[in-house]
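Report on one structure; see the data block that follows.
The values are calculated or read from the model by the stated rules, or taken from the named source; none is laboratory data. Treat the numbers as computed from the prediction; the structure is a model and nothing was measured. Heads up, the Cβs are rebuilt from the backbone with ideal geometry, glycines too, and the neighbour counts pull from every protein chain shown. Ligands, DNA and RNA are excluded from the accessible area calculation, which covers all protein heavy atoms including side chains. Shrake-Rupley method; radii C 1.70, N 1.55, O 1.52, S 1.80 Å.
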Amino acid sequence: MNDKLRVALIGCGVISDNHIRAIVNSNKANLVALCDVNIERATAKKEQHRLSSSVYSSYLDMLESEELDVVHIATPHYLHTEMVLAALKRNINV
């Protein structure tokens with residue numbers, strides 16, 4: 001049985017590297033999905049960090065498709081509220 005938290009990251013800009021490193025270096029979490037409106041940027045982060053994560057361009061599609069425990073939000077601050085509420089509505093920790 002896998003006791004690790006299933007984690008997703010929304011936003012794959014510069015700060016995302018800090019989040020990715022923290023998640024993959026944790027023995028309590030698996031980074032299962034990356035999301036960015038620019039799918040190429042999310043794919044590049046996946047390749048850069050040699051991840052097996054799924055990649056999405058829509059955070060709503062990701063929230064509906066993945067079984068998640070936690071979402072890290074690394075987008076501009078003015079976008080956070082909508083994303084936080086969407087995750088919380090699905091009982092996903094933010």
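Evaluate the relative contact order of the chain (contact order divided by residue number), counting alpha-carbon pairs under 8 angstrom at least 6 apart; express in whole percent.
32 percent
Order L85, L5, most accessible first, counting only protein heavy atoms with a 1.4 angstrom probe.
Descending accessible area places them as L85, L5.
So for region 3-54, Kirkwood radius off the Cα pairs, Stokes-Einstein at 10 °C and 1.306 mPa s: how many µm² s⁻¹?
My calculation gives 147 µm²/s for D.
Counting other C-beta atoms within 10 Å, and keeping those with at most 15, which DSSP coil GluC sites (Glu not before Pro) do you find in region 50-94?
In loop regions of region 50-94 (DSSP not H, G, I, E or B), the sparsely surrounded GluC sites (Glu not before Pro) are E67.
Over the Cα atoms of the chain, how large are the radius of gyration and the largest Cα-Cα distance (Dmax), in Å?
12.0, 38
Taking a label point 7 Å from the Cα of V84 along the Cα→Cβ vector, which residues of region 17-37 have an amide N closer than 19 Å to it?
19
Out of the DSSP beta bridges found with both residues in the chain, what percent are antiparallel (nearest 5)?
Restricted to the chain, the bridges split so that about 0 percent are antiparallel.
Rg/Rh for region 46-94 to two decimals, with Rh computed the Kirkwood way over all alpha-carbon pairs.
Result: Rg/Rh = 0.97.
Per residue, how much accessible area does the chain have with a 1.4 Å probe, in Å²?
61 Å²
Kindly point out which whole DSSP H helices in the chain project their C-alpha atoms 30 angstrom or further along the helix axis while averaging a Kyte-Doolittle hydropathy of 1.6 or above.
Passing helices, by number: none.
When the helix-only estimate is applied to the chain (DSSP H runs of n ≥ 4, each -39,500 (n - 2.57), divided by the residue count), what is the mean residue ellipticity at 222 nm, nearest 500 deg cm²/dmol?
-11000 deg cm²/dmol
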